[in-house]
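Report on the structure given below.
The values are calculated or read from the model by the stated rules, or taken from the named source; none is laboratory data. Since the model is a prediction, treat every value here as computed from it, not as a measurement. Quick reminder, even Gly has a Cβ in these numbers, built from the backbone with ideal geometry, and neighbours come from all protein chains shown. Each accessible area value is taken on the protein alone, full model and side chains, heavy atoms only, with ligands, DNA and RNA left out. Shrake-Rupley method; radii C 1.70, N 1.55, O 1.52, S 1.80 Å.
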Amino acid sequence: DVKVTQSSRYLVKRTGEKVFLECVQDMDHENMFWYRQDPGLGLRLIYFSYDVKMKEKGDIPEGYSVSREKKERFSLILESASTNQTSMYLCASSSKQPGGYTFGSGTRLTVV
Amino acid sequence: AQSVTQLDSHVSVSEGTPVLLRCNYSSSYSPSLFWYVQHPNKGLQLLLKYTSAATLVKGINGFEAEFKKSETSFHLTKPSAHMSDAAEYFCVAPWRTGRRALTFGSGTRLQVQP
């Protein structure tokens with residue numbers, strides 16, 4: 001069964017910490033994405049990558065960075081966590097064809 | 001950038017009655033459009049997608065959606081709601097021309113009453 005795996009289901013971090021959220025896919029997909037999901041706002045695109053070492057900003061990249069050193073792994077980095085980054089973070093991957101995202105189960109991050 | 005607007009944040013229906021979840025999109029051309037579903041404490045799942053082959057698209061679990069260019073709408077329907085349909089539904093479109101990312105609507109929470 002194909003999968004997108006996010007390393008943590010729940011995470012609690014302190015304000016100012018550097019936080020790493022990891023995502024791994026086993027489908028040999030070119031594209032990988034990070035979204036955050038907040039009630040009433042749907043999913044908002046943070047960053048995405050269409051190739052190793054390539055990245056592109058989404059709608060809300062401020063306060064975040066990403067790393068894609070290998071095709072199967074896409075990491076989201078919160079440089080200095082703040083309380084307004086408390087959210088559900090969803091990773092997804094897709095092939096070159098439009099649509100057909102496969103989502104991970106999400107990481108619920110709480111910043112205190 | 002393209003966008004999608006889901007006209008209802010919350011819809012409540014009785015089991016066995018029809019479901020209508022409304023979505024309008026903004027685009028200067030006919031885009032690809034999708035509906036995704038998220039059941040409580042579950043991951044997001046593709047329900048159906050429109051890619052210009054046919055204006056009426058059938059998806060999983062008896063759902064379908066009709067693309068209406070004149071109305072810039074892509075409403076999701078189901079003839080008879082089931083309790084298991086209770087979930088949050090997202091209308092989705094390509095984020096920007098030539099980019100492989102998707103943009104999501106704000107979501108519609110469907111409640112099904114017994």
- Item | Members of the range A:36-45 found to be facing another protein chain (nearest Cβ under 9 Å) and outside any loop (DSSP other than H, G, I, E, B), listed by number | A:37, A:42, A:43, A:44, A:45
- Task: Kindly indicate which of A:33, A:103 is modelled with pLDDT of 95 or more and facing chain B (nearest Cβ under 9 Å).
- Result: A:33
- Among B:31, B:40, which is in a loop (DSSP other than H, G, I, E, B) and buried (at least 20 other Cβ atoms within 10 Å of the Cβ)? B:31
- Query: Before we move on, is residue B:17 more than 10 Å from chain A (Cβ to nearest Cβ), modelled with pLDDT of 90 or more, outside any helix (DSSP H, G or I) and under 11 Å from the mean Cα position of the chain (by Cα)?
  - Reply: no
- Would you pick out the residues in the range B:68-90 that are under 19 Å from residue B:44 (Cα atoms) and of a type in the set (Asp, Glu)? B:85, B:88
- Query: How many residues does the range A:55-69 hold that are outside any strand (DSSP E or B) and of a type in the set (S, T, N, Q)?
  - Reply: 0
- Query: How many residues are of a type outside the set (Phe, Trp, Tyr), open to solvent by 20 Å² or more (accessible area, probe 1.4 Å) and within 14 Å of residue A:87 (Cβ to Cβ) when one looks only at the range A:10-35?
  - Reply: 3
- Item | Unmet requirement for residue B:73, which otherwise passes all of (1) more than 26 Å from residue A:36 (Cα to Cα); (2) surrounded by fewer than 19 Cβ atoms within 10 Å (Cβ to Cβ) | (1)
- In the range A:46-66, what residues are more than 10 Å from every other protein chain (Cβ to nearest Cβ) and aromatic (Phe, Trp, Tyr)? A:64
- Task: Report, by residue number, each residue of the range A:86-112 that is open to solvent by 10 Å² or more (accessible area, probe 1.4 Å) and either among the polar types (S, T, N, Q) or under 14 Å from the mean Cα position of the chain (by Cα) (or both).
- Result: A:86, A:88, A:95, A:97, A:101, A:102, A:103, A:105, A:108, A:110
- Item | Candidates B:12, B:52, filtered to the one that is over 15 Å from residue B:90 (Cα atoms) and more than 12 Å from chain A (Cβ to nearest Cβ) | B:12
- Query: If you take the residues of the range B:85-113 that are modelled with pLDDT of 95 or more, open to solvent by 70 Å² or more (accessible area, probe 1.4 Å) and more than 11 Å from every other protein chain (Cβ to nearest Cβ), which of them is farthest from residue B:24 (Cα to Cα)?
  - Reply: B:113
